[in-house]
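Quick notes on the structure that follows.
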Amino acid sequence: MEYNFSDIEKKWQQHWKKVGTYQVDNESTQPKCYVLDMFPYPSGAGLHVGHPLGYIASDIYSRYKRLKGFNVLHPMGFDSFGLPAEQYALDTGQHPAETTRKNIATFKKQLDNIGFCYDWSREVQTSNPHYYKWTQWIFLQLFNSYFCNTEQKALPISRLIEKYATKGALPKKGEPIPGRHFTADEWNHFTEEKQQEILMRRRLAYSKYGEVNWCEALGTVLANDEVVNGVSERGGHPVVKKKMRQWYLRITAYANRLLEGLDKVDFSDSMKEMQKNWIGKSTGAEISFNIKGQPKNQSGLTVFTTRPDTIFGVDFMVVAPEHACIEKITTPAQKPEIEKYLQYVKSRSDRERQSEVKQITGCFTGAYALHPFNGKEIPIWTAEYVLAGYGTGAIMAVPCGDERDFAFATHFQIPITNIIGHHFTGKEANPTKEAILENSDFMNGMKMSEAIDFAIQKLEESGIGRRKINYKMHDAGFSRQRYWGEPFPIKWVNGMPVALDEKELPLELPHVATYKPGPEGQGPLANIKEWTDMNLETNTMPGYAGSSWYFLRFMDPHNEKTFCDRKVSDYWNQVDLYIGGTEHAVGHLLYSRMWTKVLYDLGYIGFDEPFKKLVNQGMIQGSSRFVYRKNGENKFISKAFIEKHQIQQLHVDVNLVDGVELNIEAFKKSKPEYANAEFLLEDGKYICGSEVEKMSKSKFNTVNPDDLVVQYGADTFRMYEMFLGPVEMSKPWDTKGIEGVHRFLKKFWRLFADETQGLIVTDEEPTAAEMKILHYTIKKIEQDTERFSFNTAVSTFMIATNELTDVQCHKRKILLPLLILLAPYAPHIAAELYQSVQQAASMEEADVVNAAFPKFEEKYIKESSKNYPVAVNGKMRTTINIALDADQKQVEEIVLQNDIVQKWLDGQSPKKIIYVKNKMINLVI
RNA sequence: GCCCCGGUGGUGGAAUUGGUAGACACGCAGGACUUAAAAUCCUGUGACCCGCAACGGUCGUAACGGUUCAACUCCGUUCCGGGGCACCA
């Protein structure tokens with residue numbers, strides 16, 4: 001009886017599929033557990049070994065929870081809208097729906113090979129009209145809602161309209177800076193356009209003009225990804241920023257709740273930190289500066305600062321190059337220079353503007369602001385280091401306290417005012433809050449940290465400014481000038497967006513003849529006459545639309561009446577465990593948290609955080625291999641000799657290399673041009689170079705799980721992926737080690753079966769030593785699985801197998817529970833052996849998937865003594881076996897009698913003997 | 001540039017709360033079985049020093065410094081690698 005993994009795996013996968021073992025009910029008396037993976041984008045390249053890392057982890061956890069008696073929801077689907085499919089369509093003319101269908105089929109087949117316990121009857125695909133009907137429906141909820149600042153939640157926009165019609169929108173008492181206010185009477189006499197425009201300022205999904213990367217030569221808008229150093233990745237054409245009408249989600253309204261919600265979820269500290277930084281809450285003041293020569297209180301310049309205490313240290317102002325005021329304030333003399341500068345900035349990405357800090361650029365507008373307290377004239381500059389999207393897009397620069405302001409002042413020789421005395425050396429800025437203020441009028445002599453509040457008070461009293469909380473986060477751009485995304489359920493009437501009726505959903509994506517961009521950088525939908533004739537919105541939604549709520553659809557995937565029945569979402573509730581990569585730290589996770597909060601506010605679901613616990617899997621990097629071709633010849637030089645030749649380094653497919661040794665025959669066959677290649681070998685071998693890089697097809701370092709499953713089986717593959725290291729950590733892939741795990745499974749098999757005798761399991765009573773091995777393993781596997789330490793769990797299985805082999809244990813009472821422990825990790829081999837060992841009545845009973853997790857009993861592993869490490873001055877010198885219940889005095893006696901301890905004491909008596917029960921003993925001399 | 005994570009033998013990693021650094025594997029070396037190979041099994045394997053021996057010594061967790069009876073673990077500084085930075089997913 002041999003371990004024939006391919007037969008076994010096929011048999012059980014078919015059985016589980018036939019019986020519907022993994023289908024989950026929405027009703028159960030058992031406690032629920034919802035385990036979810038971040039669903040993949042089905043790329044044309046198929047699955048590589050990096051993808052399944054998180055899936056295997058969640059699969060193990062799901063199976064474990066099932067053994068523990070939970071009703072486990074563990075679904076899978078596809079995030080199937082996206083740019084690559086559209087690019088592929090542009091290149092080949094194939095419809096994205098078609099390529100997507102093919103890619104999904106490949107992915108599913110690859111996933112099924114690995115033996116996951118997904119309930120495929122719940123599969124969702126975001127590009128399926130049955131699914132995106134509800135994405136569009138949720139969009140309409142967003143469009144038809146506003147964020148009520150009093151209640152701090154989303155409410156139907158009808159409530160706001162009613163309020164405007166009866167009470168108007170009047171300034172709050174003491175509001176110093178006038179906003180856009182009107183009475184109820186005024187509202188009722190506004191034109192509809194005007195009313196809609198006002199409502200647009202409050203809708204959670206709204207439309208306004210925003211900037212995009214525009215490439216004139218390609219006639220299209222590009223993703224940041226597609227822009228490299230200011231030119232398009234394809235073709236290298238110039239890219240500039242262009243204003244276009246766009247849709248946005250008012251995620252900023254939820255900034256504070258997104259921040260506070262982090263206290264309620266179990267994400268890693270670093271993940272919370274990243275989200276906090278993204279939201280970027282800061283408290284400070286908004287201050288208005290009048291401009292010299294302009295009427296007061298009209299076209300002033302408003303800045304946001306976290307340090308109003310430094311207001312007397314302002315030496316210049318900087319406005320973002322996009323700031324609307326530049327046009328108004330620039331003096332005729334400076335105009336040519338400013339225009340030249342703005343042209344330059346247009347070609348620069350935000351990233352470049354922030355990162356290239358050593359290169360200081362800017363331009364004087366010729367205008368001056370007036371200091372609000374003393375009327376001093378302050379020059380107004382524009383510079384790329386101030387971003388339009390942050391704060392008010394304008395800053396007051398205090399060079400003695402801010403590094404970038406200091407560098408700017410130095411570069412342009414702007415005189416610096418020192419308000420912090422000796423804390424400022426003149427050589428670098430000092431951002432301290434501890435200094436005592438000087439040259440600061442009414443704040444002279446105050447400590448800066450205390451002056452902040454005082455300054456705000458003064459600003460508010462004199463109507464110059466007000467306390468302000470600012471968020472770095474800005475509203476999320478929600479439209480793309482693309483084809484392969486959800487169409488907006490919106491049509492334009494008299495320049496106003498009007499929501500389609502729910503009954504008209506889904507608004508299906510029409511077929512197009514070409515995927516080329518529409519006129520003026522609009523999306524391909526603008527090329528379709530029937531579409532534009534109906535005045536339908538030609539933008540589509542971005543990739544994150546469908547993924548912002550898919551975890552809800554999995555609960556109730558076939559519901560035609562609603563996106564997810566409230567009763568069902570009340571049962572499944574939050575996702576208990578969510579596994580995915582950190583690359584989604586801020587995007588997807590914040591959007592789905594926001595959508596959940598909106599749906600909660602509107603009463604559609606009963607929880608406002610989607611993911612209770614989040615585990616981030618690390619990236620599996622590729623380990624690339626290189627061959628070295630002699631320049632101008634079809635000759636390859638082994639690594640040892642490359643210094644001596646003029647060579648070209650080429651990526652070689654890692655699948656043609658064993659470790660670093662090239663399989664020359666396979667290499668020759670891989671490409672016709674290599675068929676007659678010559679080789680300069682070392683010790684008869686061709687040795688390749690290697691480097692760790694991102695795993696990608698273009699680097700020829702991808703490893704396909706299918707190949708490994710064929711060679712070693714799914715169980716070996718699953719356990720090896722886990723054995724590589726902690727799930728959260730990134731690590732390079734190395735196929736070499738997989739043999740070890742495979743050997744382990746074969747060894748494990750031999751505990752049960754012999755090649756000649758077949759099954760060798762006996763009914764003998766286990767010894768105390770064997771029970772100890774079993775119960776230690778139960779404890780460790782349970783602990784490690786609960787804390788997602790799957791790599792140490794695998795080594796625990798190895799240790800148990802090694803120990804049981806050593807004592808030649810083939811006893812049913814030990815092996816049967818061990819199989820249940822192993823089942824989540826290696827389900828096929830466990831199922832096969834369980835069926836053989838267990839003399840069960842029915843197939844259902846004989847299936848280890850339905851077994852109960854063994855119960856750990858302390859009594860079997862209890863020890864009465866411990867081998868204590870004994871250290872002298874912190875250095876371990878020997879170990880002594882001492883009873884666990886020994887007290888300090890007894891321990892001291894035993895230790896001092898020990899020969900080795902005596903040797904190290906060298907006649908002296910120890911100053912102190914530290915004895916930590918169950919840990920160690922340390923003698924201090 | 002900013003934010004987050006990581007750095008331990010030839011390699012992947014272990015050390016769960018500050019308490020025996022290197023578990024478990026890979027690789028390598030040697031051996032057993034075999035006509036041979038595969039498979040399997042056994043032994044050794046951080047570096048260095050002393051030695052007939054070892055239950056002998058010194059060093060060692062990116063580098064430097066600190067806290068502590070005790071530091072891979074805590075604090076500070078530096079270096080290196082990875083991820084994110086708002087239209088890749």
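The values are calculated or read from the model by the stated rules, or taken from the named source; none is laboratory data. None of the values given here were measured: they were computed from a predicted structure. Heads up, the Cβs are rebuilt from the backbone with ideal geometry, glycines too, and the neighbour counts pull from every protein chain shown.
Criterion applied to A:456, A:464, A:452, A:416 was being more than 15 Å from residue A:285 (Cβ to Cβ), away from RNA strand B (no atom under 16 Å from the Cβ) and among the hydrophobic types (A, V, I, L, M, F, W, C), and the one residue passing it is A:416. None of A:914, A:900 is among the aliphatic types (A, V, I, L, M), under 47 Å from the mean Cα position of the chain (by Cα) and not in a loop (DSSP other than H, G, I, E, B) except A:914. Residue A:616 satisfies every condition listed in (1) modelled with pLDDT of 90 or more; (2) of a type outside the set (Gly, Ala, Ser); (3) assigned to a loop (DSSP other than H, G, I, E, B) except (3). Of the residues in the range A:884-895, none is out of contact with any Leu (no Cβ under 6 Å at 6 or more places or on another chain), within 12 Å of RNA strand B (Cβ to nearest atom) and among the hydrophobic types (A, V, I, L, M, F, W, C). Taking residue A:862 as the residue in question, decide whether it is in contact (Cβ under 8 Å) with a residue 24 or more places away in the chain, away from RNA strand B (no atom under 16 Å from the Cβ) and within 24 Å of residue A:768 (Cβ to Cβ). In short, no. For the range A:292-320, the set of residues classified as buried (at least 19 other Cβ atoms within 10 Å of the Cβ) and at pLDDT below 90 consists of A:300, A:301, listed by residue number. Scanning the range A:898-925 for residues that are under 17 Å from residue A:869 (Cβ atoms) and among the hydroxyl-bearing types (Ser, Thr, Tyr) yields a single hit, A:915. Does residue A:368 qualify as being away from RNA strand B (no atom under 16 Å from the Cβ) and at negative phi? Criteria met by residue A:368. Do you know which residues across the range A:781-825 are more than 23 Å from residue A:117 (Cβ to Cβ), within 9 Å of RNA strand B (Cβ to nearest atom) and not acidic (Asp, Glu)? Result: A:795, A:798, A:799, A:801, A:802, A:805. Please verify whether the range A:540-547 includes one or more residues that are farther than 25 Å from residue A:88 by Cβ and in contact (Cβ under 8 Å) with a residue 40 or more places away in the chain. Checked against the condition, which is being farther than 25 Å from residue A:88 by Cβ and in contact (Cβ under 8 Å) with a residue 40 or more places away in the chain, the range A:540-547 yields no hits at all. Among the residues that make up the range A:566-577, is at least one of them in contact (Cβ under 8 Å) with a residue 24 or more places away in the chain and under 29 Å from residue A:483 (Cα atoms)? No, that holds for no residue. Contact map, the range A:869-891: residues that are on the phi < 0 side of the Ramachandran plot paired with residues that are of a type in the set (Phe, Trp, Tyr), Cβ distance under 7 Å, separation 6+ or inter-chain. Pairs shown: A:872/A:904; A:877/A:904; A:879/A:868; A:880/A:868; A:882/A:868; A:888/A:915; A:891/A:915.
Screening the candidates A:622, A:581, A:587 for the property of being within 16 Å of RNA strand B (Cβ to nearest atom) and buried (at least 22 other Cβ atoms within 10 Å of the Cβ) yields one hit, A:622. Evaluate the following for residue A:556: is it surrounded by 14 or more Cβ atoms within 10 Å (Cβ to Cβ), more than 16 Å from RNA strand B (Cβ to nearest atom), at pLDDT 90 or above and acidic (Asp, Glu)? Yes. Considering the range A:792-841, the residues that are of a type in the set (Asp, Glu) and farther than 24 Å from residue A:65 by Cβ include one that is surrounded by the fewest Cβ atoms within 10 Å (Cβ to Cβ), namely A:806. Within the range A:6-51, the residues that satisfy the criterion of being farther than 14 Å from residue A:74 by Cβ and within 16 Å of RNA strand B (Cβ to nearest atom) are A:40, A:41, A:42, A:43, A:44, A:45, A:46, A:47, A:48, A:49, A:50, A:51.
Summed over the range A:516-543, the residues that are more than 26 Å from residue A:496 (Cβ to Cβ) and within 14 Å of RNA strand B (Cβ to nearest atom) give a count of 1.
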